[in-house]
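Working notes, structure below.
The values are calculated or read from the model by the stated rules, or taken from the named source; none is laboratory data. Since the structure is predicted, the reported quantities are computational estimates derived from the model, not experimental observations. Here the Cβ is made from the backbone with ideal geometry for all residues, glycine too, and neighbour counts use every protein chain on show.
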2 protein chains.
Amino acid sequence: MSIRSLAKCGRPTLSMSRSIVTRTAVKRYTSSSSTQISREGKSHRNTLLKAGFAGFLGAVLYNVGRDYYSSSADEIKLDGNPMKYMTDTYGVFWIPMRAIEEDHPENPMRIRMAVWVKNLQDHIVKTLETIESSHISSNSNIPPGKFLRDAWLRPEGGEGSSCVLSNGRVFEKAGVNVSVVHGMLPPTGQKSMLPDHPSLKPKDYSVPFFATGLSIVIHPINPHVPTVHLNYRYFEISDPENPSKPVSWWFGGGSDLTPCYLVEEDCKHFHQVLKDACDEHHKGFWKKYKKWCDEYFYVKHRGESRGIGGIFFDDLTDVSEEHGQSKNKEELFDFVKSASSAFLPAYVPIVLKNKDRKWTEEEKRWQQLRRGRYVEFNLVYDRGTKFGLATPGARVESILMSLPETARWEYMSDMGKEGTEEGKLMEVLRHPREWV
Amino acid sequence: MSIRSLAKCGRPTLSMSRSIVTRTAVKRYTSSSSTQISREGKSHRNTLLKAGFAGFLGAVLYNVGRDYYSSSADEIKLDGNPMKYMTDTYGVFWIPMRAIEEDHPENPMRIRMAVWVKNLQDHIVKTLETIESSHISSNSNIPPGKFLRDAWLRPEGGEGSSCVLSNGRVFEKAGVNVSVVHGMLPPTGQKSMLPDHPSLKPKDYSVPFFATGLSIVIHPINPHVPTVHLNYRYFEISDPENPSKPVSWWFGGGSDLTPCYLVEEDCKHFHQVLKDACDEHHKGFWKKYKKWCDEYFYVKHRGESRGIGGIFFDDLTDVSEEHGQSKNKEELFDFVKSASSAFLPAYVPIVLKNKDRKWTEEEKRWQQLRRGRYVEFNLVYDRGTKFGLATPGARVESILMSLPETARWEYMSDMGKEGTEEGKLMEVLRHPREWV
């Protein structure tokens, strides 16, 4: 069954998508979509060009749209009353129920990936809440953390939901965000994406794009429980004559661990689970993506990695041999599913193993200093963050959700010196290791 | 007496400068000077060009040099033993004692300004230490804060000293830094500085530059005492045939206040003192520089100013009419002296008036959130910081000295809403006021 024939038998997107919709009192975020870039003034355009469209995908996944309608947590309904604002989630007007309910190779990848990340978001959010509620806190006054679920709609096309947990028993701050957005990408945007995506063939006119992704950052309270980050995304450029026909597409993603204290067996475990997920699909994936991760999450001005790594990849498509493979789209999607599914098995055992460890004030201070470095990486280097902030009217709360609740900077700090527990971590951050 | 004749009767720079010199155990910072830019690989060059040489001056004032020899605090001697490493502080080999001991119009401006900022640094450091020691702390266990004085030398030419106070009774973190650096500025560097400095005439060969400045950031403990920032600098390009002859030069600087809670009379006081210092020299200065400050210290992605402003100016020279004046160098230096001298009278009364006010946990939390915004401005927008971090091997401890000791980020924070004390500040940050 082709996309076109599917489209014929469909019903309106909204009534069928499992979108978390809002009933009343929608909040509005003034914002500009990427399709508005060509209409912005010269200074905005320059800012964007300076930031580089390299971070474009990151930014659109951070809810970049002219207007957002976002619900507060208690208004979210899985099956609500008729919506106040119509939105076109997938950029294809009529989608059959099947395309959303089952993952089938005949269905458009944009829908399959969006559904995948939404389901994974649900699963991860529930798992983290279970960890919260099952944790026996030494301070019984602290209620188990619950995610604040903040759904938003983008009237020009797209939706998303930001799930954020703050000040729980185990997690100080955890964000699990999904975005599904589409619009028109102007020629400048296409050109600027080229260096990172050689498969893209820029046109001298605007082309339809679609992007969906899941991004996660978790900062635990206990300095012995590492911070973790995940991002998986799918991007598509389609034929302006037929928006259902992708002319260029790729997957990107990865996850990485940022401990304050080095527990070698935990590092090995994290890498091993990711390696197993990669190896299942291609023997060359892990080595390449582990290295890419070490290179990307590097705080250049400090001469150290942000954490102990994981995997990172971008521009994964079937037309390029760059990745040392020639897998088809279905095989690549399978890989993305395996890699993103590996997140919980890679991370949760480390949380459970360390969450009850006692810590000292000094260890907390060290954690705060490390969080300062995390802030430095995200504000100075992270492409998605930089591009997002340079985009007029982007939703800053979502972009900066990745920052820790608290951070610290000391001038010429005495912590992290050779021979100390803190120094052991520094050694690994300065010289990334092959963990498995 | 010309510079040349002065040079004849001089003695070696080092024995005469009031440099804080080191006796033993000098620390070495591996770093690259701006004169090395042309020798760096393509990727470094690109990074630098992207950051823009607009921030060049900021960066050289942040101790950018290939090798620094820095003393630890207890080794600093005002009059030490013979130095281990020779350095040429002013880029002019023989300087008479007079040029350092007295401020005389016949002396080279590079020396006069360097001496001015060093003396001002001393004065400010001592004043802040006096505030610390005279403050009766409710917690008598906390000793009064003392500055850690960290002197450094740049063997290719230059010196400086970083004075940092941490965890005092009144101030959580205060940095008062002086730099005096010189070297060669390659053609790319000259070209990139042009937009901000139209008086510069770029050459297709490297030209000698000299830069000196004072920069201060003070973050107090009490949320009712505002954060303050100051920066005054002098930049000179000279004739390669005769390094003593400036062919292009300018002053830049300013200071601004960042309160967490709005005390209108304090804002008025701060602006009034700066306005008086400006008005003494030119009726048009204050209005222009107040506006420039509001524009520069703007956190674009948040749609708010960093603080309640002050003054900011750059490229202040005699050949340009851009500043609505045509003052000579002597008159401009007089203005810089007045404006920088106004710092203590503008800020200290606000500290003394508010330092004993009680505060709540909520007020502290708000301060931490505001500090988060301060970090965002400095890491995302501040030209000196951005350029400094993009410069291979810059001394990161000095560049990031401006960051607060602690900061906080909350997702969709409930603080700062209309009708609250926090909301009052937000209103002013969103709509800068004319305070005087």
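Note on region B:356-387: among residues that are among the hydroxyl-bearing types (Ser, Thr, Tyr) and within 13 Å of chain A (Cβ to nearest Cβ), the one that is nearest to the chain's Cα centre (by Cα) is B:385.
Would you check if there is a residue in region A:329-351 being in contact (Cβ under 8 Å) with a residue 40 or more places away in the chain and within 14 Å of chain B (Cβ to nearest Cβ)? Within region A:329-351, none of the residues are in contact (Cβ under 8 Å) with a residue 40 or more places away in the chain and within 14 Å of chain B (Cβ to nearest Cβ). Is region B:127-149 home to any residue that is touching a Lys or Arg at 6+ places or on another chain (Cβ under 6 Å), within 14 Å of chain A (Cβ to nearest Cβ), closer than 29 Å to residue B:313 by Cα and of a type outside the set (S, T, N, Q)? No, that holds for no residue. Scanning region A:184-207 for residues that are touching a Leu at 6+ places or on another chain (Cβ under 9 Å) and under 20 Å from residue A:157 (Cβ atoms) returns A:189, A:190, A:193, A:206, A:207.
Please indicate, with yes or no, whether at least one residue in region A:392-402 is surrounded by 23 or more Cβ atoms within 10 Å (Cβ to Cβ), under 17 Å from the mean Cα position of the chain (by Cα) and polar (S, T, N, Q). Yes, that holds for at least one residue.
For region A:388-429, a residue qualifies if it is in contact with a strand residue (DSSP E or B) (Cβ under 8 Å, 6 or more places away or on another chain), within 13 Å of chain B (Cβ to nearest Cβ) and not in a loop (DSSP other than H, G, I, E, B), and the qualifying residues are A:397, A:398, A:401, A:402, A:406, A:407, A:408.
Once region A:150-183 is narrowed to residues that are buried (at least 21 other Cβ atoms within 10 Å of the Cβ) and acidic (Asp, Glu), the residue that is farthest from the other protein chains (Cβ to nearest Cβ) is A:159.
In region A:365-376, the condition of being part of a loop (DSSP other than H, G, I, E, B), at pLDDT 95 or above and surrounded by fewer than 17 Cβ atoms within 10 Å (Cβ to Cβ) is met by no residue.
Residue pairs whose Cβ atoms lie under 6 Å apart, sitting 6 or more positions apart in sequence or on different chains, and linking a residue in region A:253-270 that is of a type in the set (Val, Ile, Thr) to a partner that is in a strand (DSSP E or B), are A:258/A:227. Is at least one residue of region A:318-327 away from chain B (no Cβ under 14 Å), more than 22 Å from the chain's Cα centre (by Cα) and modelled with pLDDT of 95 or more? No, region A:318-327 contains no residue that is away from chain B (no Cβ under 14 Å), more than 22 Å from the chain's Cα centre (by Cα) and modelled with pLDDT of 95 or more.
Could you grab me the full set of residues in region B:271-293 that are more than 15 Å from residue B:310 (Cβ to Cβ) and either in contact (Cβ under 8 Å) with a residue 12 or more places away in the chain or touching a Lys or Arg at 6+ places or on another chain (Cβ under 7 Å) (or both)? Of everything in region B:271-293, those that are more than 15 Å from residue B:310 (Cβ to Cβ) and either in contact (Cβ under 8 Å) with a residue 12 or more places away in the chain or touching a Lys or Arg at 6+ places or on another chain (Cβ under 7 Å) (or both) turn out to be B:280, B:281, B:282, B:284.
With the condition kept exactly as written, say whether any residue in region A:162-181 is more than 30 Å from residue A:369 (Cα to Cα) and without any contact (Cβ under 8 Å) to a residue 60 or more places away in the chain. No, region A:162-181 contains no residue that is more than 30 Å from residue A:369 (Cα to Cα) and without any contact (Cβ under 8 Å) to a residue 60 or more places away in the chain. Among the conditions (1) under 24 Å from residue A:222 (Cβ atoms); (2) at pLDDT below 90; (3) not in a loop (DSSP other than H, G, I, E, B), residue A:181 misses just one, which is (1). For region B:283-302, taking the residues that are outside any helix (DSSP H, G or I) and touching a strand residue (DSSP E or B) at 6+ places or on another chain (Cβ under 9 Å), the one that is nearest to residue A:385 (Cα to Cα) is identified as B:299. Of all residues assigned to region B:310-329, none qualifies as being more than 20 Å from residue B:196 (Cβ to Cβ) and of a type in the set (A, V, I, L, M, F, W, C).
Only one entry of B:389, B:403 meets the criterion of being of a type in the set (A, V, I, L, M) and modelled with pLDDT under 90, and that entry is B:389.
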